[in-house]
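Following: one structure in structure tokens, then a few remarks.
The values are calculated or read from the model by the stated rules, or taken from the named source; none is laboratory data. Computed from a prediction, not measured in an experiment: that's the story for all the values here. Heads up, the Cβs are rebuilt from the backbone with ideal geometry, glycines too, and the neighbour counts pull from every protein chain shown. The protein model used for the area step is the full one, side chains on, heavy atoms only, and it has no ligands, DNA or RNA in it. Shrake-Rupley method; radii C 1.70, N 1.55, O 1.52, S 1.80 Å.
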Amino acid sequence: MKREVSIAARIALATLAGASVMLAGCMIGPDYKVPAAPIAEHFPGSSDPAVDTTARDHRDWWRAFDDSTLDWLVATAYAQNLDLRMAGVRVLAARAQLGMAIGELYPQQQAATGSLNYNRIPGSIPYNVIDNTYWAAFVGAQAGWEIDVWGKIRRGVESADTAYLSSVASYDDVLVTLLGDVASAYVQIRTLQRRIAIAEENVVRQRDAVRIAQNRFHAGVVTKRDVYQAENVLGSTEAAIPALTIQLAQAENALAVLLGVPPGTLGDVLRPTGTIPVAPLEIAVGIPADLLRRRPDIRQAELDAASQCARIGIAKADLLPSFSLVGNVGWLSTDIGRGSLSDLFTSKRLTYGAGPTVQWNILNYGQITNNVRLQDARYQELLVGYQGTVLAAQQEVADAMTMFLQSRRQEAALHASAVAAAGALRIAMNEYTEGTADFTTVLTAEERLFSSENDLAVARGNVPLGLIAAYRALGGGWQIREGYAFVPEETRAEMSERTNWGAVLTPDLLSPEAPGLPGLEDAGPTLRAPEW
């Protein structure tokens, strides 16, 4: 018994030694290299005094508005938004897929088997046995290990690793978009509330004009035309209020969904006593090169390309032979003749076998070669997509900067216009009351005042909207998730009750630096910290 086990041990050691030599082999396929990105030195308009080009991380950019309601909305959306929760679950799925890929580095086929069978041999067959029925028992284990000679499995781990980091970047991108959408919706709500208030103020003025026209008509000073014209302008202004109220309700409902609550539940938070958030005088944009490390969608595009690059090596490995080690050990016993099932675990019933195997798909080269081409084409497509993402990001920043800077200038001009329109209406009304001006002058002044004040409110809203768009385009805000889990506590509790997730649901484990943590059984050396 000892001699047979020692022989098996020597075979196993020799096999492992050979495997170690083979595992030190090459990694087939191209190594990923960061593609060149079309980056400008400065954003258009960076020379404007209101533009700060120093490096910033824009972690809590919404706090620049100094609005406690906006701060609460952002915190609530981060805690409750459903799209963000879905993105967090996708991170968990990618982490599980990485664990599966790492598992391929170990024996891929492994099983413990056992059987107890009652057999009958046909009586017509001349076996040299006393009885043609017997029992057979077997207990054993078998394993098969494909040796990663060409790096196919390691490329698979590499691909899964970058795909995992890509899912984290995707989560960050969803978070950046969410923060921008929440802030934009809030500004739009405050702007619409202000526009409704302006319309109501002008309705009061125009009703006074109608009353004056009616009094002068009844006094026989003017004709009915002045009354009709006044009522026409009043009706037009009154009709603007329901239209704006519709937009306000839609914006409030959209914001509620972003916060993960039913529509109509934010009435107390969004009461119409607030004002349009005031943007700071400066916008901090840094330089375009900062986008490569800050914007999550750019990181995701690069990581997707890196993951696909590894798939080229996986496909190329199929062009070469694969080597595996197959082994089995067990005990087989029957009650045939002098045999007995009770001696199953004795040395004479021991059986084992081990050895290498090779497989080479030599007649399938057309399919394999074209699969390599397919993976290479997809990789090239992602490289071009990465460059396009970089360009689009710079465009978004430039557009937002233009909106912020020009809306501020527009606001100043419209403020002066509104002040002048209010003065013109006051004079026109006095002159009409005194009979020195036609009523058309009053109506024109009323319309211009309403239009100027409404345009001023829109411009005042566009200033913070431009700033929000800029910070969203700069990729700011995702840093608030650092140190927190990708899914909230209630979701983790629900998933843990349904499935054994081990330590994968803890916030630290989801960090790309997780391999050093105790209790992580499936960590591999390819896990790495992100380069941002």
Residues being within 30 Å of residue 297 (Cα to Cα) and either of a type in the set (Gly, Ala, Ser) or at pLDDT below 90 (or both) - total across segment 397-439: 3
Those residues of segment 300-342 which are at pLDDT below 85 and over 30 Å from residue 113 (Cα atoms), in sequence order: none
Qualifying positions in segment 287-296 - within 16 Å of residue 477 (Cβ to Cβ) and surrounded by fewer than 21 Cβ atoms within 10 Å (Cβ to Cβ): 290, 293
Exclusive hit being open to solvent by 10 Å² or more (accessible area, probe 1.4 Å) and in contact with a helix residue (DSSP H, G or I) (Cβ under 8 Å, 6 or more places away or on another chain), set 165, 234, 175, 179: 234
Selection status of residue 63, touching a residue at least 60 places away in the same chain (Cβ under 8 Å), of a type outside the set (Ser, Thr, Tyr) and closer than 25 Å to residue 295 by Cα: no
Failed item, numbered, when residue 264 is tested on (1) free of Cβ contacts under 8 Å to residues at least 24 places away in the same chain; (2) out of contact with any helix residue (DSSP H, G or I) (no Cβ under 8 Å at 6 or more places or on another chain); (3) open to solvent by 20 Å² or more (accessible area, probe 1.4 Å); (4) under 30 Å from residue 183 (Cα atoms): (2)
Near pairs, Cβ below 7 angstrom, 6+ apart or cross-chain, from segment 90-101 (surrounded by fewer than 21 Cβ atoms within 10 Å (Cβ to Cβ)) to any residue that is of a type in the set (Asp, Glu): 99/522
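Matching residues to (1) touching a His at 6+ places or on another chain (Cβ under 8 Å); (2) modelled with pLDDT of 90 or more; (3) surrounded by fewer than 20 Cβ atoms within 10 Å (Cβ to Cβ):
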site	(1), (2), (3)
448	no, yes, yes
463	no, yes, no
475	yes, yes, no
492	no, no, yes
496	no, no, yes
499	no, no, yes
502	no, no, yes
Segment 60-113, subset in a helix (DSSP H, G or I) and of a type in the set (Ser, Thr, Tyr), residue farthest from residue 284 (Cα to Cα): 76
Positions within segment 319-345 being free of Cβ contacts under 8 Å to residues at least 60 places away in the same chain and among the acidic types (Asp, Glu), in sequence order: 343
Where residue 281 falls short, out of the listed (1) closer than 22 Å to residue 371 by Cβ; (2) surrounded by fewer than 22 Cβ atoms within 10 Å (Cβ to Cβ): (1)
Residue check for residue 191: surrounded by 23 or more Cβ atoms within 10 Å (Cβ to Cβ), out of contact with any Cys (no Cβ under 9 Å at 6 or more places or on another chain) and either among the hydroxyl-bearing types (Ser, Thr, Tyr) or at pLDDT below 90 (or both): yes
Test set (1) more than 30 Å from residue 481 (Cα to Cα); (2) hydroxyl-bearing (Ser, Thr, Tyr); (3) surrounded by 16 or more Cβ atoms within 10 Å (Cβ to Cβ) - residue 186 fails condition number: (1)
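Looking at this structure, is residue 32 more than 30 Å from residue 349 (Cβ to Cβ), in a loop (DSSP other than H, G, I, E, B) and at pLDDT 85 or above?
Working: more than 30 Å from residue 349 (Cβ to Cβ): yes; in a loop (DSSP other than H, G, I, E, B): yes; at pLDDT 85 or above: yes.
In short, yes.
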Helices (runs of 4 or more DSSP H) contained entirely in segment 219-317, each with at least 1 residues that are over 30 Å from residue 399 (Cβ atoms): 224-258, 296-317
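Against the definition (out of contact with any Leu (no Cβ under 8 Å at 6 or more places or on another chain), surrounded by 15 or more Cβ atoms within 10 Å (Cβ to Cβ) and not in a helix (DSSP H, G or I)), how does residue 326 come out, yes or no?
So residue 326 passes the test.
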Residue match in segment 130-152 (condition: surrounded by fewer than 18 Cβ atoms within 10 Å (Cβ to Cβ) and either within 22 Å of residue 471 (Cα to Cα) or of a type in the set (Ser, Thr, Tyr) (or both)): yes
Test for residue 414: is it free of Cβ contacts under 8 Å to residues at least 60 places away in the same chain, among the aliphatic types (A, V, I, L, M) and open to solvent by 60 Å² or more (accessible area, probe 1.4 Å): no
Residue check for residue 506: of a type in the set (S, T, N, Q), surrounded by fewer than 21 Cβ atoms within 10 Å (Cβ to Cβ) and modelled with pLDDT under 85: yes
Residue 487 in a loop (DSSP other than H, G, I, E, B), surrounded by 14 or more Cβ atoms within 10 Å (Cβ to Cβ) and modelled with pLDDT under 85: no
